[in-house]
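The values are calculated or read from the model by the stated rules, or taken from the named source; none is laboratory data. Every value quoted in this text rests on a predicted model; they were computed, and no experiment measured them. Quick reminder, even Gly has a Cβ in these numbers, built from the backbone with ideal geometry, and neighbours come from all protein chains shown.
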Amino acid sequence: MLQKFGVRLRRRLNFHRDVELRVRALEEAIACLIANRRYETGDGMGFNCQRVRKQILGEIARVFPIETVVETGTWIGDTTGYLASTLRCPVYSCELHRIPHLIAKMRLGAIENVTLILSDSRKFLRDLAELLPAARKCFFYLDAHWHADLPLLDELRLIAKTWCDSVIMIDDFRVPGDAGYRYDDYGRGKSLSMQDFGAQFERLALKPYFPSVSSADETGAGSGCVVLAPRGPIAEALRQIRLLREL
């Protein structure tokens, strides 16, 4: 009886936590829309305002010729706009929720190389597989993971199965050896960490790299990340980047 009560209590607490997060995020989205109806590129836009994260992207683009960007989790489009204006290639991005999706469409409407889709990220990637050739050199930015449903593993499986020439960056991932970087933890077996995802990376033949710069020297939100590449030439190319390190 006590065990069943505990399960129900955890479910209710998770439900209220999810509602609280949604309301808070909606307030932030509306505030951003009021302050800035149109996306304007700059140092304060994209990648959680993190300077080192942006430098890592620049180094990835130097060693890996990115032809297309795919983002899961548009939110209100700050990182989407930054990727489109910085890399100047087609950017496809999906958002699960209608209101932030509409806000992003309004803010990014003038940027021609952006395609925004209202969709679950897994369906989005399956549909995109019909559009983007498998040989396309893609940069994937995975950031659709702030709800109780964690799509990350399914996203990784779809990417690894379909696009062999790709580099993947996961936002909000735990950086081993540097507790100063923030990361997401959604409960048992669902923390964005090597503890919960390292074995999956190995099964998918994906080599992980982490920021080599101390969290104390990062700016903005200070969120951690991991960069993944298929084992082979692309992973070897990433080894040239001093801002990244292996375990």
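Odds and ends about this structure:
- Selected residue [buried (at least 21 other Cβ atoms within 10 Å of the Cβ) and either without any contact (Cβ under 8 Å) to a residue 60 or more places away in the chain or not basic (Lys, Arg) (or both)] from Ser93, Ser85: Ser93
- Residue match in the range 152-175 (condition: modelled with pLDDT under 95, buried (at least 23 other Cβ atoms within 10 Å of the Cβ) and either of a type outside the set (Gly, Ala, Ser) or in contact with a Pro (Cβ under 6 Å, 6 or more places away or on another chain) (or both)): no
- If you go through the range 189-247 and keep only what is among the hydroxyl-bearing types (Ser, Thr, Tyr), surrounded by 16 or more Cβ atoms within 10 Å (Cβ to Cβ) and farther than 13 Å from Asp178 by Cβ, you end up with Ser191, Tyr209.
- Residue in the range 113-131 that is part of a loop (DSSP other than H, G, I, E, B), within 16 Å of the chain's Cα centre (by Cα) and among the hydroxyl-bearing types (Ser, Thr, Tyr) present: yes
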